[in-house]
Amino acid sequence: MSGKLVILNHPLIHHKLSLVRDENTGTKDFRQTVAEIAMLMAYEITRDLPTRKVSVKTPVGIAETRVLAKEVVIVPILRAGLGMVDGITALIPTAKVGHIGVYRDEETLEPHEYYAKLPSIITDASVMVVDPMLATGGSVKHAIDIIKKKGATDISYVGLVGAPEGVKKIQQYHPDVNIFLAVLDERLNEHGYIVPGLGDCGDRLFGTK
């Protein structure tokens, strides 16, 4: 299966993205809006989830309807990825949540893993790796490596803002993984930050700077 790059062109996503880009947006509104964007993105992304037929007894008869045929697992990359989880689980409350901790060395920009805990059902699930920023792509690539080693094959990456360099890395190392972004920005600066981007998403989510 060949992965695809999808930029979700939706007016509400664009509107809310403007709010999180604004340097004057405070922690509360930033956190709430990131979750809202994640929910809107998940609604679009899950259009192709497999379903199966079921019969449901209503108060007046039997309805032939459909339910999800596959478990959904959300895997945020700590810590910024946590900001997207509540929005997606509001839409898919049955989703299981794993966690992968990866930090980026500020000198080499290389990823280092410090934590990984994944649900046992991940092998047969539809997996969403979530991290708001796809910059160099190192952390996302490393997280997907870990998930594939656990046996998962149906994997998508979901992020708010991406840079061409990060997209290229994921497509190079994981060409079977779908990439969903709210927007693809211009480039990375000399510090590995996305330009124009929205700054350090983790710091803005948790008020740590």
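If you go through region 44-67, how many residues are β-branched (Val, Ile, Thr), farther than 25 Å from LEU5 by Cβ and either open to solvent by less than 40 Å² (accessible area, probe 1.4 Å) or not in a strand (DSSP E or B) (or both)?
2
Working only within region 121-140, note down all residues that are part of a helix (DSSP H, G or I) and either open to solvent by 10 Å² or more (accessible area, probe 1.4 Å) or among the small types (Gly, Ala, Ser) (or both).
Listed by number, the residues that qualify are ILE121, THR123, ASP124, GLY138, SER139.
Here is a list: ALA182, ALA152. Which entry is under 19 Å from VAL75 (Cα atoms), assigned to a loop (DSSP other than H, G, I, E, B), touching a helix residue (DSSP H, G or I) at 6+ places or on another chain (Cβ under 9 Å) and open to solvent by less than 10 Å² (accessible area, probe 1.4 Å)?
Answer to the check: ALA152.
For the list (1) open to solvent by 10 Å² or more (accessible area, probe 1.4 Å); (2) within 10 Å of the chain's Cα centre (by Cα); (3) not aromatic (Phe, Trp, Tyr), I need the number of the one condition that LYS169 fails.
(2)
Yes/no per residue for (1) within 29 Å of PHE30 (Cα to Cα); (2) in contact with a Ser or Thr (Cβ under 8 Å, 6 or more places away or on another chain); (3) in contact (Cβ under 8 Å) with a residue 12 or more places away in the chain:
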site: LYS57; (1), (2), (3): no, no, no
site: ILE77; (1), (2), (3): yes, yes, yes
site: ASP86; (1), (2), (3): yes, no, yes
site: HIS99; (1), (2), (3): yes, no, yes
site: GLY138; (1), (2), (3): yes, no, yes
site: GLY151; (1), (2), (3): no, yes, yes
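Could you list all residues from region 87-109 that are among the charged types (D, E, K, R) and surrounded by fewer than 13 Cβ atoms within 10 Å (Cβ to Cβ)?
ASP105, GLU106, GLU107
Return only the number of the condition from (1) part of a loop (DSSP other than H, G, I, E, B); (2) open to solvent by 90 Å² or more (accessible area, probe 1.4 Å) that LYS70 does not satisfy.
With (1) part of a loop (DSSP other than H, G, I, E, B); (2) open to solvent by 90 Å² or more (accessible area, probe 1.4 Å) applied to LYS70, the lone miss is (2).
List every residue pair whose Cβ atoms sit under 6 Å apart, with the two residues 6 or more apart in sequence or on different chains, where the first one lies in region 105-120 and is more than 16 Å from ARG79 (Cα to Cα) and the second, anywhere, is part of a strand (DSSP E or B) and open to solvent by less than 100 Å² (accessible area, probe 1.4 Å).
Hits for this filter: PRO119/VAL73; PRO119/LYS96.
When the residues of region 185-197 are filtered to those that are open to solvent by less than 70 Å² (accessible area, probe 1.4 Å) and not acidic (Asp, Glu), which remaining residue is nearest to ASP86 (Cα to Cα)?
The qualifying residue nearest to ASP86 (Cα to Cα) is GLY197.
Being modelled with pLDDT of 95 or more, out of contact with any strand residue (DSSP E or B) (no Cβ under 8 Å at 6 or more places or on another chain) and outside any loop (DSSP other than H, G, I, E, B), is that true of even one residue in region 94-117?
no
Taking the condition of a type outside the set (Val, Ile, Thr), open to solvent by 10 Å² or more (accessible area, probe 1.4 Å), touching a strand residue (DSSP E or B) at 6+ places or on another chain (Cβ under 9 Å) and within 18 Å of GLY26 (Cα to Cα), does ASP200 pass?
Here the answer is yes, as ASP200 does meet what is asked.
So the check is Cβ under 7 Å with 6+ separation or different chains; which pairs have a first residue in region 18-38 that's among the β-branched types (Val, Ile, Thr) and a second one that's surrounded by 16 or more Cβ atoms within 10 Å (Cβ to Cβ) and in a loop (DSSP other than H, G, I, E, B)?
Partner pairs satisfying both residue conditions: VAL20/LEU198; VAL34/PRO132.
Residues to consider are ASP131, ASP124; find the one that is within 20 Å of VAL73 (Cα to Cα) and modelled with pLDDT under 95.
Exactly one of ASP131, ASP124 is within 20 Å of VAL73 (Cα to Cα) and modelled with pLDDT under 95, namely ASP124.
The values are calculated or read from the model by the stated rules, or taken from the named source; none is laboratory data. What you are looking at is a predicted structure, and each value in this text was computed from that prediction instead of being measured. So basically every Cβ, Gly included, is an ideal-geometry build from the backbone, and we count neighbours across all protein chains shown. Note: accessible area is taken over every heavy atom of the protein model, side chains too, but ligands, DNA and RNA are not part of it. Shrake-Rupley method; radii C 1.70, N 1.55, O 1.52, S 1.80 Å.
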